[in-house]
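Shown next, in structure tokens, is the structure this report addresses.
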Amino acid sequence: MLQDMLYMNSNNAASDTEDQMLDATKPSGSNFNFHSLSADNQKLALDARPYVGGNTVILP
């Protein structure tokens, strides 16, 4: 069975841009394309960012 994964975490120590200590980019060549986009347009499979009420996380 093929599957894709996206993990999101609210973390006030994180940022909206890619953070190598808290985020993981989406592997290229994947059969699925379920990911979030960071503020710097990186495709993320693991995405940690601070909680800000009213902000939207883009899931293309």
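Amide H contacts for MET8 (H built 1.01 Å from N in the peptide plane; partners 5 or more residues away or on another chain; cut-off under 5 Å): ASP47. Principal axis extents of the C-alpha atoms in the chain (largest first, rounded to whole Å): 35, 23, 20.
Other residues lying with their Cβ under 12 Å from the Cβ of ASP47 contribute a combined charge of -1, Lys and Arg counting +1, Asp and Glu -1. The listed peptides 9-19, 33-43, 49-59, ordered by packing as a protection proxy, come out as 33-43, 9-19, 49-59 (highest mean of other Cβ atoms within 10 Å first). Charges were assigned to the Cβ only: +1 to each Lys and Arg, -1 to each Asp and Glu. The resulting dipole of the chain about its Cα centre is roughly 120 debye.
No lab work stands behind these numbers, since they all come straight from the coordinates. It should be emphasised that the depicted structure is a prediction, and the values quoted were computed from it without experimental measurement. Cβ: placed from backbone, ideal geometry, glycine included. Neighbour counts: every protein chain shown.
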